[in-house]
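Some notes on the structure that comes next.
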Amino acid sequence: MPGNPTPPPIDTLREIQTPEGIDLHLPVAGPLPRALAWLVDALIRIILYAIVGFVSAFLGRTGFGLFLVFLFLLEWFYPVVFEVLRQGQTPGKRAYGLRVLHDDGTPIGWNASLLRNLLRVVDFLPLFYTLGLLAMLLDRHFRRLGDLAAGSVVVHVNPNGRQPSPTRVRPLRPPFPLTLDEQQAIIDFADRVPHLTPERAAELASAAAPLVQGQADPVAALQGMARWLRGEEDGR
Amino acid sequence: MKQEPFVAAHEPLWQRLEAWLDETDPARRDPEVTERFPALYRQLCQHLALARERLYSHHLVERLDRLVLRAHPELYRRQRRPWQALARYVLADFPRQVRRRWKLVLLSAMLFYGPLLGMLGAIQIDPDMVYTVFDGEQVRMFERMYDPAARQPGREPARQADSDLLMFGYYVRNNTGIGLRTFASGLLFGIGTLLVLIFNGLYIGAAAGHLTQMGYGETFWTFVAGHSGLELNAIVLSGAAGLQLGLAVLAPGRRTRLRALRDEALDALQLVYGAAGMFLLAALVEAFWSPRPLPSEFKIAVGIALFALVIAYFLLAGRGRRAA
């Protein structure tokens, strides 16, 4: 998770060092949301074809010429224009909360965006993005060939939208200071409690013996500590 | 310092930065923050580092982390090129880019013009050679296109009445698309580019050779003369860019393959911009000039002049101290 200073997190994060000596963690996006975003964009493009095709039909053969030019632009530059002018988001990427960035975390520019989109031709080979998918599965940061050449990554925009689990447990201060890792483990546990059987939750909670010693209900105690760690007492 | 006083001390700054970041219109942002943004941003980074070091609650660290992540791109972004860059590119950078990799351009030209001229010549000796690359139906199609009896040479009978603008759209989409694909397919170790260059050379050579051999030469050559200098050389340049991509993967030198690919792809793109511009110009010429019924000698002369102009541009433009 972001904010965790320990070595390689078990998550698909890309770490960048900034000049201020801070590590940024980019949550890179995998093939599935990207494929869905691509589908949305494909749909939008089809609708655009239909609209422009319909309008140009009234303009006769001249209109058809303009339609072909439009087709060319849409085929090659639809993603580029959106990525550069709309903060790295085509409408499809926006719908799935994705964003293209340079791999150093800076907003994508014309060169990189053009490259990654021109090279789609190769990623598409031999059929339906097979090469691109292979490259994504082999790469630690889910980059397809176009991304590798352009130096770009696709990231999730709002990875931290996790809702704190709604519990009535009162916030509880842990009996002693905890490292960030430990805090994280407790918060993650609290988030998962609703998805666990009560027996399994109790079993897991008992593993944190030093923390929950003397507590009547270890699970509730940990949930309370999770709330306290989240800073929910300050109303956020 | 405990977490509560830390938050209390710096909360106003964080909220101010958050409000500033929420506002996407630069004109409506708090001017004071805009002016001092680098300093404020570094302060924020310090807060994040402190919060991590002092093991403040996860919630706080995450919030600061998110804030830094949002602020980072405001300070660090790559320079955008102004409009002047376009003029500079056309007048100096593009021809220089071409000269700088003259070996690749020469290789690409040989891979393209070699098969083209070879096929053209071979058909003069053995007319049946045309059927090695085209089938009978295709041959009849371009025979009809350049039939001296046709009103609009260069267009299929069904397209005789089409407007120039329609043909322009057709040429832009097809030819520029081929150029961009020629470049992109170079990523496959250069093989894609190699095939596109050789086969396009063969096709064009076969068509030209066949039409010349059967006596349609005048309609054909007067039609293609005008745009050939731009279009054929744009194919060559797209090819050179594609070969550069392939070479980066095949022979990265002392760099890693990924590093080489990144460097060379960005570099090759500078050639692709120019080639795409040439395809666009070629489409304009092909749609609006090439079909004009003007004296053959005149059209051929203009064609040769344009071809020479393109070559001269690449050899001469952008030299000298002023351009540097």
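Where a number appears in this text, it was derived from the coordinates with a stated rule and is not lab data. For clarity, every value in this text was computed on a predicted model and none was experimentally measured. For neighbour counting, all protein chains shown are included, and Cβ atoms are generated from backbone atoms with ideal geometry for every residue, glycine included.
Key figures
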| read-out | value |
| --- | --- |
| Residue (of B:Gly229, B:Leu120, B:Leu245) at the positive-pole extreme of the stretch B:85-316, dipole from beta-carbon charges | B:Leu245 |
| Per-residue mean of C-beta atoms belonging to partner chains within 10 Å, peptide A:56-68 | 5 |
| Cβ-Cβ FRET estimate between A:Arg168 and A:Glu15, R0 fixed at 35 Å, reported to 0.05 | 0.40 |
| Trypsin sites (Lys or Arg not before Pro) within the stretch B:225-324, DSSP loop, no more than 16 other Cβ atoms inside 10 Å | B:Arg254, B:Arg255, B:Arg319, B:Arg321, B:Arg322 |
| Mean-position separation - Cα centroids, the stretch A:12-41 and the stretch B:95-152, in angstrom | 46 Å |
| Extension gain from B:Ala39 to B:Leu281, taking 0.36 nm per residue of separation minus the Cα-Cα distance | 82.3 nm |
| Only Lys, Arg (+1) and Asp, Glu (-1) charged, at Cβ; the stretch A:1-125 dipole about Cα centre in debye | 600 debye |
| Förster radius 30 Å - calculated FRET efficiency between B:Gln46 and B:Ala87, Cβ distance, rounded to 0.05 | 0.10 |
| On Cα atoms only, tilt of B:58-75 relative to the major axis of chain B in degrees | 50 degrees |
| Linear extension gain, A:Leu196 paired with A:Leu73, 0.36 nm per residue minus alpha-carbon span | 39.1 nm |
| Distance between modelled label sites at B:Asp128 and A:Arg61, nm, 7 Å Cα→Cβ extension | 3.9 nm |
| Those aspartates and glutamates that a straight Cα-Cα span of less than 16 Å connects to A:Lys93, excepting residues fewer than 8 apart in one chain | A:Asp41, A:Glu83, A:Asp147 |
| Shielding by partners, peptide B:3-13 (average Cβ within 10 angstrom, other chains) | 1 |
| Which of B:Met141, A:Met225, B:Met119 has the fewest Cβ neighbours within 10 Å, and the rest in rising order | B:Met141, B:Met119, A:Met225 |
| Magnitude of the charge dipole, chain B, Cβ model with Lys/Arg +1 and Asp/Glu -1, debye to 20 | 1420 debye |
| Chain B: angle of helix B:191-213 to the longest principal axis, Cα-based, in degrees nearest 10 | 30 degrees |
| Rough spin-label spacing in nm, given labels placed 7 Å along Cα→Cβ, for B:Leu117 and A:Leu134 | 3.8 nm |
| Calculated FRET value between A:Ile51 and A:Asp217, using beta carbons and R₀ = 51 Å, to 0.05 | 0.25 |
| Stretch gain in nm, segment B:Arg259-B:Gln138, where the contour uses 0.36 nm per residue and the Cα spacing is subtracted | 39.1 nm |
